[in-house]
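> Below you'll find the structure I mean.
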Amino acid sequence: MTTRVRITRDWAVALGFGTIGLLLRLWNLASPKGKIFDEVYYATNAHSLLLNGVELNAKTGASEFIVHPPTGKWLIAGGIKLFGYNEFGWRFSAALAGSISIILMYFTAKALFNKPFLSGFAAFLVLADGLHLVHSRVALLDIFLLLFIQIAVLALINQRYWITSIALGLAISTKWSGFYLLVALAFLVLIIDYRKFRFLGSSNPLKNLIQNNFVLRFLQFGVLPLATYVATWVGWFASKTGWDRNWSPNIAKSFWHYHAEILNFHAHLTEPHPYEANPWSWLIQGRPTSLFYSTPKNCGASSCAQEVLALGTPVLWWAATFTLAITFGYWISRREWQAEILLVVVAASYLPWFAFQQRTMFSFYAIAFEPFLLLTIVYVFNKIPRNQRQITLIFGAVVLANFLYFLPLYLGTPISYNSWHDHMWLPSWI
């Protein structure tokens, strides 16, 4: 098969999965009506950015202290610009980002394993994950964080480090938690450089690394991400009405002060929430976040329920928790580079949360590493010596059935209360 035919086939399959994902994400996207969960902040902020370049209070016109950088909200604003300040408008960009994420999953698996069947399987796994679908249908920031992380990792696998650094800068400018991955990938690239010098027979690979690559890597993983991050605040810099924009005559000091206050907020965010979840429970979906719940009267039953539940497809996440452990075992014993990359991304996006046990946290933060967690399933299935395709298809069928069973909770479809209660497999889901 020629290279051109191979590329065409890859794009056809990837776009096919992406299109199915987009249709599922756009279907009835304007429901539920109104701003659900943190859309009350992010959709509102996005609209203000569109109108003013900074976040202002819509009623008073006063500047507002906002605790997340602007990139994700600018992307939400793009949907509002196209379709208006309504539910479809403020959710559209998330739907588009989620669909692109599926396409990126295909090419990431292709770069890792170079097997079209497993690449399609990887794209299917993201397509059939409820947490990913829910994030792609609400105006929250996390799907954009994930999108930039996926771009960064795919570029890193292909050794396009400048693209990696820009994507990481955009990730951090969506949510600060992207910084952990920046540090992890920077160290990983330095380790890769060290190994290359050692492989080439260098008697002092560390010295060669410092002399030949360190400045370049500092520019790529230090200067450029920072410059990208600062550039995303252009609205605040250009405005005189942004929060504490004039705190000091020196704009750099005002910018630093703003960030110190953001850091202070995140460090002391300990207010109890009914859906807060400790990171220990994230992988097994112990306490999913209910983004919306109501009791409508139009489901054909005497008692109805309508919920948008940020729940990963249970069978998929439980299997991925198991394959993550197997992947770690393979890395310990064989040091395979595919396992290393997946483990680094998952660890950098997941483990830091354990250091903030007092902070209010939600299980949907796990979306930041979800594709890479699911790729551990692909990694393990790639090790199956016999009947690999058949076993993969059987597992895929089970995942699809589980996904379709929970689909009403992902799409916010009204169902009978009894049916809703039957979907609550664990008491902690209620």
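> Sequence gap at least 6, Cα distance under 8 Å: using those rules, report the relative contact order of region 1-83 to the nearest whole percent.
22
> Considering the chain, what Rg and Dmax in Å follow from its alpha-carbon atoms?
When restricted to Cα atoms, the chain yields Rg and Dmax of 22.3, 78 Å.
> Once R0 is set to 45 Å, what does the formula 1/(1 + (r/R0)^6) return for the Cβ-Cβ distance between Lys81 and Asn418, expressed as a FRET efficiency to the nearest 0.05?
0.60
> Would you please classify the overall shape of region 94-223 from the alpha carbon gyration tensor, given that a ≥ b ≥ c denote the square roots of the eigenvalues, rounded means a/c under 1.5, and beyond that prolate means a/b larger than b/c while oblate covers the rest?
oblate
> Mind checking the log10 I(q)/I(0) for region 54-118 at q = 0.13, 0.17, 0.25 Å⁻¹? Debye, one equal scatterer per Cα, no solvent, two decimals.
-0.55, -0.74, -1.04
> If N is the number of residues in region 14-110, what value comes out of its Cα radius of gyration divided by 2.2 N^0.38 Å?
1.20
> Under the rule of -39500 (n - 2.57) per DSSP H run of 4 or more residues, summed and divided by the residues of the chain, what mean residue ellipticity at 222 nm is obtained, to the nearest 500 deg cm²/dmol?
-20000 deg cm²/dmol
> Right, something else. How big is the charge dipole of region 53-175 about its Cα centre, in debye rounded to the nearest 20, if each Lys and Arg gets +1 on its Cβ and each Asp and Glu gets -1 on its Cβ?
Magnitude of the dipole: close to 220 debye.
> For the modelled label position 7 Å from the Cα of Asn250 along Cα-to-Cβ, which residues of region 220-242 have backbone nitrogen atoms closer than 20 Å?
From region 220-242, the list is 227, 230-231, 237-238.
> Ok, one more. Are there DSSP H segments in the chain that both extend 20 Å or more along their axis (alpha-carbon positions) and score a mean Kyte-Doolittle hydropathy of at least 0.5? List them, or say none.
3-26, 87-113, 142-157, 178-199, 314-334, 388-411
> Test of understanding: ordering Ile415, Ile76, Ile384, Ile377 by Cβ neighbours within 10 Å, fewest first, what list do you get?
Ile384, Ile415, Ile377, Ile76
> Under 10 Å, Cα contacts only: if you run a Gaussian network model on the chain, which one of Glu87, Glu336, Glu55 comes out with the highest mean-square fluctuation?
Glu336
> Decide, for region 137-286, between rounded, prolate and oblate: order the square roots of the alpha carbon gyration tensor eigenvalues as a ≥ b ≥ c, take rounded if a/c falls under 1.5, and otherwise choose prolate if a/b is larger than b/c, else oblate.
Taking the square roots of the gyration eigenvalues as a ≥ b ≥ c, region 137-286 is oblate.
> Length gain on complete extension for the stretch Arg160 to Thr241, per 0.36 nm per residue less the alpha carbon to alpha carbon distance?
Here the answer is 25.3 nm.
> Would you kindly state how much longer the chain becomes between Ser428 and Ile391 on full extension, computed as 0.36 nm times their sequence separation minus their alpha carbon distance, in nm to one decimal?
Additional length available on full extension: 10.1 nm.
> With N denoting the number of residues in region 285-430, provide Rg(C-alpha) divided by 2.2 N^0.38 Å, to two decimal places.
Scaled against compact globular proteins, the figure is 1.24.
> Mind listing the phi-derived Karplus ³J(HN,Hα) values for region 293-310, rounded to whole Hz, using 6.51, -1.76 and 1.60 with θ = phi - 60°, and x for any glycine or proline?
Taking θ as phi minus 60°, the curve returns 8, 8, 10, x, 10, 10, 9, x, 10, 5, 9, 10, 9, 9, 9, 10, 10, 7 Hz for region 293-310.
> Here's a follow-up. Along the charge dipole of the chain, pointing to its positive end and built from +1/-1 on Cβ of Lys, Arg, Asp and Glu, which listed residue (Ser419, Ser290, Leu29) has its Cα farthest out?
Going by the charge dipole, the pick is Leu29.
> For the chain, what is the relative contact order in percent, using Cα pairs closer than 8 Å and at least 6 residues apart in sequence?
18
> Can you flag which of Lys35/Lys297; Lys35/Lys59; Lys73/Lys297; Lys110/Lys207 are past 24 Å Cα-Cα?
Table pairs above 24 Å Cα-Cα are Lys73/Lys297; Lys110/Lys207.
> Still on this model: Taking 8 Å as the Cα distance limit and 6 or more residues as the minimum spacing, I'd like the relative contact order of region 322-381 as a percentage.
Once normalised by length, the contact order is 51 percent.
> Grab the Cα-Cα distance for Leu51 and Val234, subtract it from 0.36 nm times how many residues apart they are, and report the gain in nm with one decimal.
Here the segment from Leu51 to Val234 would lengthen by 64.4 nm.
Here, each number is a calculation from the coordinates, and none is a lab measurement. Bear in mind the structure is a predicted one, so any value in this text is a computation, not a measurement. Note: ideal-geometry Cβ built from the backbone for every residue, glycine included; neighbour counts use all protein chains shown.
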